[in-house]
Each structure stands twice: as structure tokens, then as C-alpha cells.
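*Asks:* Pasting a structure here, questions to come.
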Amino acid sequence: MSVSRQAGRPGVAAVLFLAVGFLIAPVLLTIAGSFATEWTGALPSGFVTFENWREVLGLAETIGSQRSMGWDTLLSVGGVALAVPSELFFSVGLALGGVLINLVVGVPIAYVVARYEFRGKEWVNAVSVLPLVPGVILGVAFLRAYPNLSGTSFGLIVGYSLLKAPFMVMAVRSEFESMPLQQLEESARSLGASWPRTFLTVIVPNARSGIVAGSIICWTLAAAEFNFSYVVWAKGTQPLALFLQRHISNSTFTKAAAAVSMFFCIVVAITLLLQRVGTHGFTTRRT
Amino acid sequence: MGTPGQEQAGTTQQSETGLSATLDALLSPATESERERRRILALCAPFGLLVLVAGAYPLWEAVRMSVSVEPYESVGFTLDAYAELFGDPYYRGVALNSLWFATATTLASVGIAVPIAHALEKYDLPGEGLWVTLVSFPISLPGIVAAFMILVWFGNTGVLTNLLAAVAGQEPRRVAIATSVPGLFLAFLYSMIPRSTLILRGTYAELDHAAEEAAQALGATPWQTFRYVTLPQIRPGIIGAFILTFRTALAIFGTLIVISALLVWTLQIDRELAGGAFPLAGAMAVVFFAFTFLFTVLGLRYTSAEVGL
């Protein structure tokens, strides 16, 4: 009958498919390319080699060896040393530190906004969910405010936690909003639990899925944080995002593809891990 | 929620008493509303501390740095850096670059995100969860990776570059656009489309489906239904997506390190830092922060924007 009836739906669906293709096809090509020896034509060629991965992970000698990942001994038991790739381990730890701070600051404020009515609530809400300072700006500010701390892991963790806090608050708040908070609180209180105990052992465990979702988002975003790290990082082990940038800017295309693929793997692995933890008891639920 | 009227009355009453009485009430609360007030403060305290230590104090130091007489320490007071920033046409050019590019990329990505969110929320697509995951996945990728993805598409050895070169019968190098302004545009879209989609999906989730069904039953075409029933409902969400996506666009930096096709504000800050012009870099950071802050506050306050994620 009309154009809109015939073309509307396929047209809209086509935008979705094109967008997904635009976003995901290069991801798949990159992963494929990381196993190729050459990528000079349209498609990578010369399969299958693990040389790129070995070089990126620092398992093979490279000419510019400072480009590959270093290995640190994590612990040695009876002469057997357990070594871990230092950049990788460093970033995983930094991002986890950021998530930890986010949990401590984000969960309570999400509860306040979801549960109570008070003056200035809009402001508390706005400040807690809007990413206030962009990474580059915060980096510049950190350089002068904490000249000795900004490049250290502590400075990075604190910076990450401020930058990513809104995502934790949003995830946890929406979980709280779907819970009958007042009823939960009142039943626990009427059974004799003090308010802090009610909050920690009844309210928080019940919001577990939101907390896990928030932690996943915060972790991946903190591990991927480039702008802030780039400005404040001074020396020592590089955060992962800087390691990636070094490869993208300086390495051969296949080797850069391996570095980027490694990053994809970490993001997927941590997401799956935290999801598992979430369904198997992230916080102890007393039954 | 509960009895907001009573709580409201409680807080107004308290604000009328003196500071010492308020402190007293916080330390040893006697009534339930005082206890609640103490809980609110206690729950806000950790976040407040983080904002103070990691946000407010560093920003204050950035302000001091921008008015400092010496580049390497904050002493004295001078507005030289700001005078240079606002007087030099070079910086005006950089600011204009940032603004037009962010506006253009925001319009494009919100324009693309509306049909994406529409398809995801309204159509019964097979494997809908998978589509949502695929569209959301790039949110966790840093700008440098977004730039690399554009190199894969449009770089000298890119897939589309080679395709275009074969069709046009030219050297791949001559049709590669990855490191030009259009390439940068696409790299921005790579980061921004997933974020706009996330915001708009939240808006779509709250739609009133009954009104749309009524419109359809009364004989409206899908376009008319969208234009006169759906769009008015999602307009606040679209405005909210514009504001937040525009902020994202202004703050992009990593992408520009790989594809430095356009000199924008964030890239210029990095160059000032590298050149040791700390007061100027501080002034640029302060101006950037003030602009995005005012823009967001005014935008969210004086438009019908609704930000629901």
C-alpha cells in the first residue's frame, strides 16, 4: 500500500545489520589476521602461524625486544617459578583495584538515590551517574595535584575509580530500583537486625546481579582506559592500553592484530569469569 | 516511596535549627528522621571522599597551574595563559575543529542509533540477545582499538580500500581514507554508535506500546506511527543521547593518537604537555571542563532531556 509499510521495516533492520557488520567484521578479521604471516593484500594470508602471538606475549625474541611483553616472577615454590606477563598482570590488578574502590563508593550512593527522598537528591544523582571529568583532563589535573603519585599504580587506581564510578552506580541503582527496598529493610529490622547489618547482609546480597554487572562494566572500562593512563603514566610497567598503542603505532600489522586480539580475549574471559562468580555466590548469602 | 511528605517536613524543620543542633542530631539521633538523615550522609560519604580526593582537589590544582607564573610549580597569579588561549586565532581554530567535528559525529551516530534501538526493541529478531551483545561489545574497546578497526577497514591494506581500488582500478594507497578526516569520522562513529544505542535502548524500553497499537489499528502507516506516536515519546531520550554522545565525542583522545587527521582540543592539550607549556595545558583543561560541565548542566536542565540508562 504505502512505501513506508513495505520499505520501513527492512530498511530499519538493514541499518542494524550494516552497523553490526561495521562494528564486528574488523574484530573477526583482526583475530584471523593475528594468525597470519602476512597482511599486505585485502585479506591476511599465510596461515597458520603463532609467531605474532609469541612475539607479543614476549615468548619469542624480537628485534625491538622492548616492544614485547615482559615477564615477572609472581612466586617461586621449590625452584619452580611461576612467571606471568607483567603488562597483563599489572593491568588486571589495576582494574580490579579500581573496581574495589567503585564497590565501596558506588553501592552505598546507589542505595541512597534509590531508597531515600531528600533535599538535593537530584544533584547527588547527577553527580554520581554523569562522567564528570574526561580522562585527559583528569590526567592533566593529576599531574600537578599528585606529582609523585600520579604515575604510580595507586594514582592510576584512584583515577580509574573516579572515571568509571558512574557505570557502577548506574548498574547497581537500577538493580536497587527493581527491589522492594522498604519492605526488605522493614522485615529485617522487625526481626531485630540493626540497620548496618540489614544493609550489609540483606540489601547488598540481594542486589548481587546488579553489583556483578557493574563490576564487569567497570573492570573492562578500567582495563581499557587509555586517555588518563597516557597522560599520567611515567615509567615502569605499562598499563595494557599503552602496550596496545605501542603495538598499533609501531609494529607490523599482523603483530598489532595479535596484541589487539589478546585484548579481546581478556575482555571476553573476564566477562565470563565475573558472570560465573555472579551466579555462584559473589557475596555470602545466608539462608 | 514511603511517606515523602513526612520526610520532607522533617528536613525543612531541621534546616531551621542551628548548626550545632544539626551536628548534635547527627551524632546522637533521637528521631527516626534524624537517623535516616545520618544514614543518607554515611552512605554518601565514601563517594564524596572519592570525588574530593580524585576530582575536586586535582581540578583545583589544574586551575592553580593555569594561572601560575612558573611552568613547573604553581606560584603567583597571571592570566597570560587564558589571554593566549582566547586571543590567538590558532586556538580558536582548534576549538572550532573540536566543536564541528563533535557535532557532526554526534548527529550521525544518534541518527544511526535510533533505527538500531528501534530494531532491537521492536522487532522479533532471531537471536536478539546476540545482536544486543554485538552492538554493545565495542563500548569496552578503547579509542586506539577503534582506530585500529578503521585501519582494518580503510587502511592502506584495508578490506574496503582494496575493494574500492579494484573497482576503481587505482592503487590501494590512493583510495585509503583511514588516516584522513573521513577515516577519523568513521573511527569516532565506531566508538559513539554503541554508546548512543545503549542510551536509546533504555528510552525505548519505557515506550507505551498501547498507543502505537491503537495508531496502527486506526490505519496509520508505520512511518506515521513512528512520526506521530513513537517519536514524541522518545524525544527526551534522543536529546539526552545527543548531550551525552556530544560529550563523548569532545573527550575522545586515544583515536587521535593513531589517526591524527584533525587537530582538536584534547590532542592540542597533549601537545602543550609534551612541549612543557603547563600553564597553557592547565588553562585548556579548565576551559574544557567548564565548557562540558556547563553544557551538560544547562542541557539537562533546560531541555526535556531524559537520561535513563
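Computed from the coordinates by the stated procedures, all read-outs in this text should not be read as laboratory data. On a predicted model such as this, the values are computed, not experimentally measured, just so you know. Please note: Cβ atoms are built from the backbone with ideal geometry, for glycine as well, and neighbour counts cover all protein chains shown.
*Asks:* Taking 1 over the mean of 1/r across every pair of different Cα atoms in region A:86-250, what Kirkwood radius in Å do you get?
*Replies:* Every distinct Cα pair counted, the radius reaches 17.1 Å.
*Asks:* How many partner chain Cβ atoms sit within 10 Å of a residue's Cβ in peptide B:125-135, on average, as a whole number? Write down the numbers at each step before the final one.
*Replies:* Values: counts 3, 0, 0, 0, 0, 1, 4, 0, 2, 7, 5.
Rounded to a whole number, the mean comes out at 2.
*Asks:* Which of A:MET168, A:LEU103, A:LEU242 sits farthest toward the positive end of the charge dipole of region A:86-250, with +1 on the Cβ of Lys and Arg and -1 on the Cβ of Asp and Glu?
*Replies:* Highest projection toward the positive end goes to A:LEU242.
*Asks:* Classify region B:230-308 as rounded, prolate or oblate from the Cα gyration tensor: take a ≥ b ≥ c as the square roots of its eigenvalues, call it rounded if a/c is under 1.5, otherwise prolate when a/b beats b/c and oblate if not.
*Replies:* Oblate is the answer for region B:230-308, as a/c is 1.5 or above yet b/c matches or exceeds a/b.
*Asks:* With every atom except the alpha carbons ignored, what do you get for Rg and Dmax of region B:79-302, in angstroms?
*Replies:* Reported Rg and Dmax, both Å: 20.8, 67.
*Asks:* What's the extension gain from B:GLU121 to B:VAL69 if we count 0.36 nm per residue and subtract their Cα-Cα distance?
*Replies:* 13.1 nm
*Asks:* While we're on this one: Per the Kirkwood definition applied to all pairs of different Cα atoms, how many angstroms is the hydrodynamic radius of region B:85-187?
*Replies:* Computed over Cα pairs of region B:85-187, the Kirkwood hydrodynamic radius comes out at 16.4 Å.
*Asks:* To the nearest Å, what is the center-to-center distance of region B:229-266 and region B:141-184, using C-alpha atoms only?
*Replies:* A separation of 22 Å, based on Cα centres.
*Asks:* Here is a further query. Please find, in a Gaussian network model of chain B (springs between Cα atoms separated by less than 10 Å), the residue of B:GLU128, B:GLU32, B:GLU212 whose mean-square fluctuation is greatest.
*Replies:* B:GLU32
*Asks:* May I pose another question? Could you pull out every whole DSSP H run in chain B that spans at least 24 Å of Cα extent along its own axis and averages 0.0 or higher on the Kyte-Doolittle scale?
*Replies:* Span-like helices here: B:89-122, B:181-205, B:231-251, B:278-302.
*Asks:* Would you please classify the overall shape of region A:80-182 from the alpha carbon gyration tensor, given that a ≥ b ≥ c denote the square roots of the eigenvalues, rounded means a/c under 1.5, and beyond that prolate means a/b larger than b/c while oblate covers the rest?
*Replies:* oblate
*Asks:* Taking only Cα atoms and a 10 Å spring cutoff, compute GNM fluctuations for chain B and point out the largest among B:ALA168, B:ALA62, B:ALA104.
*Replies:* With Cα springs under 10 Å in chain B, the top fluctuation among B:ALA168, B:ALA62, B:ALA104 is at B:ALA168.
*Asks:* In debye to the nearest 20, how big a dipole does region B:79-302 give about its Cα centre with +1 on each Lys and Arg Cβ and -1 on each Asp and Glu Cβ?
*Replies:* Roughly 260 debye for region B:79-302.
*Asks:* Treating only the Cβ of Lys, Arg, Asp and Glu as charged (+1, +1, -1, -1), what charge dipole size does region A:86-250 show about its Cα centre? Round to the nearest 20 debye.
*Replies:* Computed charge dipole of region A:86-250: roughly 260 debye.
*Asks:* Averaged over A:149-157, how many beta carbons belonging to a partner chain fall within 10 Å of each residue's beta carbon?
*Replies:* 0
*Asks:* Residue farthest toward the positive end of the dipole of the protein assembly as shown, with Cβ of Lys/Arg at +1 and Asp/Glu at -1: which of A:ASN125, A:GLY46, B:ALA83?
*Replies:* Checking the options against the dipole of the protein assembly as shown, the answer is A:GLY46.
*Asks:* Another question, if that's okay. Treat each spin label as a single point 7 Å out from the Cα along the C-beta direction, and report the B:GLN233 to A:TRP123 distance in nm.
*Replies:* Placing both labels 7 Å along Cα→Cβ, they lie 3.6 nm apart.
*Asks:* Which residue fluctuates most in the GNM of chain B (Cα springs below 10 Å): B:PRO142, B:PRO126, B:PRO89?
*Replies:* Comparing B:PRO142, B:PRO126, B:PRO89 in a Gaussian network model of chain B, the most mobile one is B:PRO126.
*Asks:* Quick check: pseudo-label points 7 Å beyond the Cα along Cα→Cβ at B:ALA166 and B:SER180, how many nm apart are they?
*Replies:* 2.1
*Asks:* Further, regarding this structure: Using the Karplus curve 6.51 cos²θ - 1.76 cosθ + 1.60 with θ = phi - 60°, what ³J(HN,Hα) values do you get for each residue of region B:68-79, in whole Hz, with x for Gly and Pro?
*Replies:* 6, 7, 9, x, 9, 9, 8, 9, x, 8, 8, 9
*Asks:* Of the listed peptides A:86-97, B:242-253, what is their order by residue-averaged count of other C-beta atoms within 10 Å, with the highest listed first?
*Replies:* Values: A:86-97: 20.3, B:242-253: 22.8.
The densest-packed peptide leads the list: B:242-253, A:86-97.
*Asks:* Right, next: Neighbouring Cβ atoms within 10 Å as the yardstick, rank B:THR296, A:THR152 fewest first. Could you put the intermediate results ahead of the total?
*Replies:* Working: B:THR296 20, A:THR152 15.
Placing the least packed residue first, the sequence is A:THR152, B:THR296.
*Asks:* Would you mind giving the mean number of other chain beta-carbons within 10 Å of the Cβ of each residue in A:236-248, as a whole number? Please report the intermediate quantities before stating the final value.
*Replies:* Working: counts 0, 0, 0, 0, 1, 5, 3, 0, 6, 9, 1, 2, 8.
Averaged over the peptide's residues, the number is 3.
*Asks:* Label points 7 Å out from Cα along the Cβ direction at A:ARG189 and B:THR103: separation in nm?
*Replies:* 5.3
*Asks:* Another one. Rounded, prolate or oblate: which one fits the protein assembly as shown, using the alpha carbon gyration tensor with axes a ≥ b ≥ c (rounded when a/c is under 1.5, else prolate when a/b beats b/c, else oblate)? Intermediate results must be reported in sequence, preceding the final value.
*Replies:* Values: a/c = 1.44, a/b = 1.22, b/c = 1.18.
Taking the square roots of the gyration eigenvalues as a ≥ b ≥ c, the protein assembly as shown is rounded.
*Asks:* Also, I was wondering about something else. Going 7 Å from the Cα of A:SER45 toward and past its Cβ, which residues in region B:169-212 have a backbone nitrogen under 20 Å from where you end up?
*Replies:* B:169-176
*Asks:* How big is the dipole moment of the protein assembly as shown about its Cα centre under a simple scheme where the beta carbon of each Lys and Arg is +1, that of each Asp and Glu is -1, and everything else is neutral? Debye, nearest 20, please.
*Replies:* It works out to roughly 500 debye.
*Asks:* Give the separation of the Cα centroids, region B:44-74 to region A:212-261, in Å.
*Replies:* For region B:44-74 versus region A:212-261, the Cα centre distance is 26 Å.
*Asks:* How much mean residue ellipticity at 222 nm does chain B get from its helices, if each DSSP H run of length 4 or more adds -39500 (n - 2.57) and you divide by all residues, to the nearest 500 deg cm²/dmol?
*Replies:* After summing the helix terms and dividing by residue count, I get -23500 deg cm²/dmol.
*Asks:* Distance from a point 7 Å along Cα→Cβ of A:SER153 to each backbone N in region A:95-137: keep the residues under 17 Å and list them by number.
*Replies:* Only A:95-102 pass the distance filter.
*Asks:* From the residues B:PHE185, B:GLY275, B:VAL145, which one has its Cα farthest along the dipole of the protein assembly as shown in the positive direction, the dipole being from +1 and -1 charges on Cβ of Lys/Arg and Asp/Glu about the Cα centre?
*Replies:* B:VAL145
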